[in-house]
1. Among what's in the range 26-57 and is basic (K, R) and assigned to a helix (DSSP H, G or I), pick the residue that is surrounded by the most Cβ atoms within 10 Å (Cβ to Cβ).
2. Let me confirm something: among L17, L34, L25, which residue is under 19 Å from the mean Cα position of the chain (by Cα), within 16 Å of the ligand (Cβ to nearest atom), free of Cβ contacts under 8 Å to residues at least 24 places away in the same chain and closer than 24 Å to S67 by Cα?
Amino acid sequence: MSGFQIRPAGQEDLDSLARLFAAHLDEQAGWDRLFARSRNPAFDSLRFITRSWQAGLQQFLVADDGSRLLGFIRFSIQPAAAAAPRPSRRKGSRSLTWGRLLRAASRYLLRWAERWPDSTFLTRGVTTGYLADLYVLPAARRQGIGTRLVQATLRCFAEQGIPEVYLQVVDQNQAGVEFWKKMGFVPHRHTLVHPGPS
Ligand SMILES: CC(C)(COP(=O)(O)OP(=O)(O)OC[C@H]1O[C@@H](n2cnc3c(N)ncnc32)[C@H](O)[C@@H]1OP(=O)(O)O)[C@@H](O)C(=O)NCCC(=O)NCCS
């Protein structure tokens, strides 16, 4: 298919995005109960998409054929677990003010927190890219739309100096597994699940 463009989602796309997102959840729910939708799916899907979009922490690209959205991708940057910043020492008068007192207290707390055996402070970590969702309408599949959405996203990450990109795919999702393989993704970590008492 040649008649589509990849572009960032705008406010006017939120309704269509919510519908695509709901369809995506329905498809995934067949393989993974974590995706089973809430009791008020249309409303919740729109609320979720609108909030994610407005917060700006996640980004959306859409494939648009001029009359409707054919697919979307949602992605974000996962910042490295940064060590607590050290407050800078300011020069000036030494009189005791509430501001000074608060800064001294926060300095003390930050030093204490840095020694706390929590993984946030234990590892330096690296900033990575995360692909949260990718969905193409069933009727528009195998026409290169998924490929173009992912390529555009990888370019966004590369432009920000982020080489490593993570995602999760359910093993039973054959199309998904094959697709990511074709895109050059390799298995890295396995999620194991116990089905519960039989
Ligand atoms: C996975 C998905 C996004 C692929 O989108 P798409 O637009 O059809 O992908 P493309 O046309 O760019 O396919 C690129 C390549 O991926 C592989 N691929 C895609 N769908 C496949 C399928 N059903 N079976 C086997 N390989 C497949 C092929 O190698 C294909 O290249 P080819 O058509 O030249 O053989 C789409 O099937 C989808 O939305 N699925 C439901 C949601 C989902 O599973 N998302 C990803 C899981 S995290």
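None of the figures in this text is laboratory data; all of them are computed from the coordinates on show. Fair warning: this is a prediction, and the values are worked out from it, not measured in the lab. Here the Cβ is made from the backbone with ideal geometry for all residues, glycine too, and neighbour counts use every protein chain on show.
1. First, pick out the residues of the range 26-57 that are basic (K, R): 33, 37, 39, 47, 51.
Adding the requirement that they be assigned to a helix (DSSP H, G or I) leaves 33, 47, 51.
Working: R33: 9, R47: 13, R51: 11.
Once the filter is applied, the top-ranked residue is R47.
2. None of the others qualify; the one that does is L25.
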